[in-house]
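Q: Structure provided below as structure tokens; questions to follow.
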Amino acid sequence: MASTRAAIRYAKAILDLANSKGVAEAVNNDMKSIAEAIESNIELSTFIQNPTTKVEVKESALLEVFASVNGVTKGLFHLLFENKRFEILEAIAIEYKRLFDESNGVEVAKVTTAIPMDAALEAKVLAKVATLSDKKITIENIVDPAIIGGFILRIGDNQYNASVANRLQVLKRELSN
């Protein structure tokens, strides 16, 4: 889901509030679980996006589903209720996680592979990526069988494409010229 400007503003405000109350880490964990739940559960996503469902019903359902969340997160639910903006909840959660990581010096390295990475390969990639950046690095593995083999590494705006599909594309261009 694409971040909207409104989602970015909500996420910044929630992060500022969480930092002032000293619960930014707990709210980050809440946002991770909210984003994962909405992404993995099509019924929940459809329910939140449905414009015909009353906002009162959405708020009470979210408070039930996420009963164990922090008070700041519950305050976000109430704010979205007041402004009738529940459809951007997932974008807010994703943006909050990004802002939280950024403020704590954590950078996400996205590694796309044809098959899921095992622990040994992840450790090697993490060691190599640590030499490229002075920030704390977390690895997010994206599985895409279309790259055939190899990997694509993206850190921030930098991308290194060592996939078999890319090599085949380069070879195809060279042979066609």
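The values are calculated or read from the model by the stated rules, or taken from the named source; none is laboratory data. This one's a predicted model, so the numbers in the text were calculated from it and none came from an experiment. Glycine also receives a Cβ, built like all others from the backbone with ideal geometry; neighbour counts cover every protein chain displayed. SASA here: full protein model, heavy atoms, side chains in, ligands and nucleic acids out. Shrake-Rupley method; radii C 1.70, N 1.55, O 1.52, S 1.80 Å.
Q: What order do you get for 150-156, 23-29 when each peptide is scored by the mean count of other beta carbon atoms within 10 Å, highest first?
A: In decreasing order of mean packing, 150-156, 23-29 become 23-29, 150-156.
Q: Continuing with this model, one more query. DSSP beta bridges in the chain, what fraction antiparallel, as a percent rounded to 5?
A: If I count the DSSP bridges inside the chain, around 60 percent turn out antiparallel.
Q: I want to check the label-to-label distance for ALA123 and GLU174. Put each point 7 Å from Cα in the C-beta direction and report it in nm to one decimal.
A: In this crude spin-label approximation the distance works out to 3.6 nm.
Q: While we're looking at this one, here's another question. For region 72-177, what proportion of DSSP beta bridges, expressed in % and rounded to the nearest 5, is antiparallel?
A: 60
Q: Here's another thing I want to ask about it. Highest first, please rank the peptides 110-118, 94-102 by the mean number of other Cβ atoms sitting within 10 Å of their residues.
A: Final packing ranking: 94-102, 110-118.
Q: Let me ask another. Could you work out the helix-only [θ] at 222 nm for the chain, with each DSSP H run of four or more residues adding -39,500 (n - 2.57) and the total divided by the number of residues, to the nearest 500 deg cm²/dmol?
A: -19500 deg cm²/dmol
Q: Set the Förster radius R0 to 30 Å, insert the Cβ-Cβ distance between LYS110 and THR52 as r into 1/(1 + (r/R0)^6), and round the FRET efficiency to 0.05.
A: Once rounded, the FRET efficiency stands at 0.25.
Q: Right, another one. What are the ³J(HN,Hα) couplings of region 94-101, residue after residue, when phi is run through the Karplus curve with 6.51, -1.76, 1.60 and θ = phi - 60°? Round to Hz, x for glycine and proline.
A: Using θ = phi - 60°, the values come out as 5, 5, 4, 4, 5, 5, 4, 4 Hz.
Q: Continuing with this model, one more query. If you average the sequence gap of Cα pairs under 8 Å that are 6 or more apart and divide by the length of region 1-132, what percent do you get for the contact order?
A: 40
Q: Please report the carbon-and-sulfur percent of the accessible area for region 57-150; probe 1.4 Å, protein heavy atoms only, DNA, RNA and ligands left out. Kindly include the intermediate steps, with their values, before the conclusion.
A: On the way: 2900 of 5060 Å².
Summing carbon and sulfur atoms, their accessible area is 57 percent of the total for region 57-150.
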